[in-house]
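The values are calculated or read from the model by the stated rules, or taken from the named source; none is laboratory data. Worth saying up front: this structure is predicted, and the values here are computed from it rather than measured. Cβ sites come from the backbone with ideal geometry, for glycine too, and all protein chains shown count toward neighbours. What goes into the accessible areas is simple: the full protein's heavy atoms, side chains included, and nothing from ligands, DNA or RNA. Shrake-Rupley method; radii C 1.70, N 1.55, O 1.52, S 1.80 Å.
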Amino acid sequence: MIAKQWRDTNPDKKGNIRDYAIIEQLVVLSNMESINALLIQQGLPQNERLIQLNKVAVTQMKSLVENKAVKKLK
């Protein structure tokens, strides 16, 4: 979801989508920003980057949410 979509869907909330994200989502988002920068350097077009980033994001979220050690940190 892009920022505008989030704002349109949540007009009653202040700030931005990151203000309401859980820690796992923030970690994955930070990773996606770094990976996206690398993919841009490699010259991948936006549509291919989106596919790659989506796959990695899903994998990382599953890993973080299902990880018992991460749950202990909370």
Exercise. What number of residues in the range 9-32 are surrounded by 11 or more Cβ atoms within 10 Å (Cβ to Cβ), part of a helix (DSSP H, G or I) and not polar (S, T, N, Q)?
Worked result: 10
Seminar exercise, completed: Picking from Asn36, Asn54, the residue that is open to solvent by less than 60 Å² (accessible area, probe 1.4 Å), part of a helix (DSSP H, G or I) and at pLDDT 95 or above would be Asn36
For this session: Identify all residues within the range 39-51 that are part of a helix (DSSP H, G or I) and either under 17 Å from Met1 (Cα atoms) or open to solvent by 60 Å² or more (accessible area, probe 1.4 Å) (or both); write none if there are none.
Result: Ile40, Gln41, Gln46, Asn47, Glu48, Arg49, Leu50, Ile51
